[in-house]
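Have a look at the structure below before the remarks.
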Amino acid sequence: MTMFVHQLSTSIFSLRAARRAAAIVATMVAVLTTGSAQTGNDGWDNRFGWYGATGTVFTIDAGACDMYIGGQFTTGSSTPNNYVARWDGVTWSVLGDGLQGGTNGIVHAVEANGVDLYAGGSFTTYNGQTVNGLAHWNGTGWEDVGGGVSGGATPTVYDVVAFGSEVFVAGKFTSAGELAVNNIARWNTFTQEWSAIDQGVNGTVYDLHIQGDWLYIGGAFTEAGGIQTNNIIRYNLITNQWQQFGIGVNGTVRGVAAQDTLIYVGGDFTRAGNGNAPHIAVWNRLTSSWSSVGGGTNDTVHTLELRGQDLYVGGSFTQAGSINANRIALWNGTAWSLLGGGLDKTVYDLASCDLTLCVGGEFQRADGNQTPFVAQWDFTQWSSLRTGESHGLNDESRTVALISNGFYAGGAFTTAGSTNANYVAWWNGNSWEELGTGTNAPVNTITAEGDNIYVGGEFTQAGGAPASHIAIWDHSAKSWSSLGGGVNGIVHTMLSDGRYLYVGGEFTQAGGAPASNIARWDKQTSSWAALGSGVNGSVYALEIDDGNLWVGGDFTAAGSTTLAHIGTYNLSGNSWSSVGNGLNGSVHAIARSDESGQVYAGGTFTDGGGERLDHIAYWNGVIWKSMEDGVTEGVESTVVNAIAVVEDKVYVGGEFTLAGGIPTGYVVLWKESWLPLGSGVRGYLPSVKGIAADKDKVVVAGDFFSAGSQPSVNIGIWYAPTLSVEESENHHQSFAQAAPNPFHGSTRITISGLTTSTQNKDVYIRILDPLGREVMPLQNGITVNGTFQVEWEASTHPRGIYFAEVRLGDRVNVLQLMLQ
């Protein structure tokens with residue numbers, strides 16, 4: 001395989017830009033010269049998707065088996081879906097950037113009506129645009145609906161129902177647009193105007209249902225249109241008349257379903273009319289009377305779904321009538337029946353289509369199988385909504401540690417793939433394994449040393465036994481042990497040098513003796529010791545270099561020694577020293593290169609001794625040095641959380657979108673210049689919190705939902721591309737050129753100088769962006785015997801650096817192109 005890289009003139013670009021461009025080319029060379037023709041994103045492992053959503057699903061609309069869900073979640077697809085998503089029966093897809101609004105931006109209702117999709121909830125914005133509680137999906141983005149709803153402490157839409165040209169909206173609000181309303185309103189899609197439903201209702205509405213000309217309204221209210229009623233009423237859309245159901249029910253109605261002359265309601269009540277009706281009741285319009293439904297349920301009913309003559313009921317209950325029924329049951333008009341083993345936690349919504357019954361809630365399992373927050377019942381068995389292999393984590397990971405046959409991960413998760421794993425798990429290369437019963441709170445740091453796996457964090461138990469914030473897992477014996485009473489506060493970081501285990505965090509005691517945020521455990525004597533006076537703030541990072549322990553965190557002194565967020569402790573002299581003038585912000589990561597001896601530090605800092613550093617720097621023995629403009633442009637904050645060094649490669653992760661001005665997705669490689677790892681990770685406010693690397697791979701821990709173009713939920717692996725011996729030897733040979741270059745408008749790619757080994761081969765040419773993503777194919781398969789030319793007309797593309805990947809048989813050239 002041969003490779004040629006066209007060099008750009010430094011008279012056109014600054015030296016820095018030229019170095020950066022060359023570095024990008026080097027990455028493209030390394031990536032594109034593998035036999036699999038992989039791009040940067042292809043290096044990411046595709047096995048770490050998820051089974052469905054990663055948080056509670058409050059609402060579902062199944063339509064024609066084209067399902068939409070809403071709630072407070074993202075999904076394990078390759079594109080994060082923030083609080084609203086679509087499942088087409090095969091894959092999850094994104095609906096813009098989702099809907100959000102502070103800490104209470106929940107989607108409570110979705111309604112699909114032909115080409116229109118509406119979402120209601122307590123959200124307030126979409127991409128900075130105001131969409132108060134109600135939004136319309138126009139096919140490309142979410143848009144405001146007449147100013148949305150407002151009024152009250154937290155105006156919220158709990159249900160949306162579309163009927164012809166009208167959209168009915170209900171919840172808890174006092175205004176729709178500029179119109180005063182009481183908790184219910186309608187939007188006319190033709191006139192683009194709001195109108196009131198008479199005087200509305202005097203309390204919260206949780207459910208709407210339309211049958212014929214009637215709009216059924218359920219909630220927590222005592223008056224509707226000036227009429228006294230208890231929590232349930234209906235409104236005629238033609239005559240504008242209200243109609244009561246006797247005296248109603250004695251508690252909140254959360255679900256309504258109408259079947260011919262029977263009106264079913266479910267909720268928090270215990271009586272309907274004058275009779276007992278635990279959580280579910282039926283009103284007979286022929287007899288104008290209430291009845292219990294099969295003895296009711298033993299807890300709240302949240303949702304009802306009619307399918308023919310069958311009524312599906314979901315909620316928090318574990319009993320329906322006289323049978324055990326875990327959160328879901330079927331009423332056929334005369335008796336209750338089960339849907340397999342049901343769900344392990346609350347069901348909030350049901351929706352049916354021709355093929356399945358779709359279920360959303362806060363459950364993790366259906367009939368014992370992993371189905372996080374959303375599941376489907378095919379009327380025989382339960383299944384999850386998954387794409388590919390689903391070995392992701394149900395919450396963020398914070399740390400990873402490599403061993404010879406896999407890696408350990410720790411964090412806030414409690415499920416790893418299909419395995420119950422409380423805050424810590426082992427990936428054996430093919431699947432996750434639990435570590436006994438794990439810990440009782442999140443794990444922040446892991447250090448592996450042979451069979452001894454040291455774990456630190458926020459927990460007070462490991463394997464069900466006391467272990468104060470630190471414990472050891474024996475990989476062979478599969479057992480937990482404590483470390484001499486542990487420490488009395490959170491552990492953030494650990495480091496082993498053989499005899500000693502160094503521990504940093506937020507604590508004042510280790511083994512019962514004073515130790516200010518840093519201590520060491522002697523493995524030979526099984527005893528704790530302080531490191532001098534310790535430091536006066538949190539410790540987040542540790543590293544050893546030539547007899548000195550490097551310590552980073554959020555502190556300013558060790559005893560009388562001033563330390564600006566970073567310092568060293570001499571292990572033989574037992575003394576603290578500053579590192580230059582320190583850094584002006586907290587240090588979250590430190591790593592040393594065995595090859596160069598340089599020590600790298602990352603965190604929130606932007607300056608060190610007057611040198612602009614932008615969150616990452618290296619110590620050259622005298623001063624802190626910048627790494628080509630550092631990393632910048634985090635979404636809410638910018639920080640480096642993790643650094644791993646392998647030979648001359650420095651992997652960096654955190655919260656940033658640019659590295660040296662190059663777009664990157666929260667994880668990046670430094671090798672004399674910044675190089676992206678494909679498009680990195682994505683998510684809702686994503687963050688990389690831990691990195692472990694060797695020559696073959698990089699394992700990334702954090703809070704994200706895709707890595708490269710692959711589903712990858714809270715954990716990811718990137719495989720470093722390598723060149724074969726033959727490829728390396730042929731690296732600088734060339735058969736393709738581009739001219740003019742740099743260019744305006746168009747450039748011509750020429751293949752010439754063919755040898756006997758490159759004649760009579762098919763040529764494939766495609767244009768790539770700097771992240772390795774395909775911009776467009778240029779030539780798809782033509783036999784080349786002599787000189788060949790093809791023109792790229794680029795006038796419609798943005799100016800910048802591009803690459804032409806030219807494949808001739810099993811040989812590849814990558815041409816760097818500059819569109820001006």
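Observations
- Distance between modelled label sites at Q228 and L355, nm, 7 Å Cα→Cβ extension: 5.2 nm
- Charge context of G450, other residues only, Cβ under 12 angstrom, K/R +1, D/E -1: -2
- Summarising the overall dimensions of the range 424-465 from its C-alpha atoms, the Rg and Dmax are 10.6, 30 angstrom.
- Pairwise inverse Cα distances across the range 397-642, averaged and inverted, put the Kirkwood hydrodynamic radius at 18.4 Å.
- Computed helical MRE - 222 nm, the chain, DSSP H runs ≥ 4 contributing -39500 (n - 2.57), nearest 500: -1000 deg cm²/dmol
- Cut-off under 5 Å, modelled amide H: who pairs with A467 long-range: Q461, A462
- FRET efficiency estimate (nearest 0.05) - Cβ-Cβ, S383 to E449, R0 45 angstrom: 0.60
- Under 14 Å, Cβ to Cβ, from G308 - net charge with Lys/Arg +1 and Asp/Glu -1: -3
- Centroid-to-centroid, using Cα positions, the range 302-361 and the range 216-236 are 26 Å apart.
- Full-stretch length increase - K345, A529 - with 0.36 nm per residue and alpha-carbon distance subtracted: 61.6 nm
- What the Kirkwood sum gives for the range 305-388 is a hydrodynamic radius of 12.6 Å, with every pair of different alpha carbons counted.
- Other residues with beta-carbon under 13 Å from the beta-carbon of I233 carry, at +1 per Lys or Arg and -1 per Asp or Glu, a net charge of -2.
- Cα Rg over Rh - the range 108-182, Kirkwood: 0.94
- Additional length obtainable on full extension of the chain from D260 to R285, 0.36 nm per residue less Cα span: 8.1 nm
- FRET efficiency for the I238 to T130 pair, using the beta carbon distance and R₀ = 30 Å, is estimated at 0.30.
- Note on the range 401-477: Rg/Rh from C-alpha atoms, Kirkwood Rh, equals 0.92.
- Residue order, fewest to most surrounding Cβ atoms within 10 angstrom, among L549, L306: L306, L549
- When each of K671/K695; K523/K695; K671/K697; K478/K689 is checked by Cα-Cα distance, pairs over 20 Å: K523/K695; K478/K689
- Phi angles of the range 360-377 translate, via the Karplus equation with coefficients 6.51, -1.76, 1.60 and θ = phi - 60°, into HN-Hα couplings of x, x, 10, 6, 10, 9, 10, 6, x, 9, 5, 8, x, 6, 8, 8, 9, 10 Hz per residue; Gly and Pro are given as x.
- Under 14 Å of direct C-alpha separation, and excluding same-chain neighbours fewer than eight residues apart, K649 reaches these aspartates and glutamates: D594, E595, E672, D694, D696.
- The ranking of V635, V359, V698 from fewest to most other beta carbons within 10 Å of each one's beta carbon is V635, V698, V359.
- A cut-off of 5 Å between modelled amide H atoms, ignoring neighbours fewer than 5 places along the same chain, links A277 with R271, A272.
- Amide H within-cut-off set for G630, under 5 Å, with H built and near neighbours excluded: G660
- Cβ screening of the chain for cysteine pairs under 4.7 Å finds these without a partner: C358.
- Segment N276-H475, extension gain: residue separation times 0.36 nm, minus the distance between their alpha carbons: 65.9 nm
- For the chain, the spread of Cα positions along the three principal axes, ordered from largest to smallest, is 88, 77, 49 Å.
- Among K649, K345, K172, the ranking by other beta carbons within 10 Å of each residue's beta carbon, starting with the fewest, stands as K345, K649, K172.
- Separation in nanometres of the label points that stand 7 Å from Cα toward Cβ, at V635 and V775: 2.8 nm
- For the range 565-656, the average shadow cast by the Cα convex hull is 6.0 nm², which is a quarter of the hull's surface.
- Two-site FRET efficiency, T750 against L685, from Cβ-Cβ distance with R₀ of 41 Å, rounded to 0.05: 0.30
- Kirkwood hydrodynamic radius (C-alpha pairs) into Stokes-Einstein, the range 189-268, 4 °C and 1.567 mPa s, D in µm²/s: 101 µm²/s
Read the figures in this text as sums done on the coordinates, not as results from a lab. Just so you know, these numbers come straight off a predicted model, no measurement behind them. Note that each Cβ is placed from the backbone with ideal geometry, even for glycine, and that neighbours are counted across all protein chains shown.
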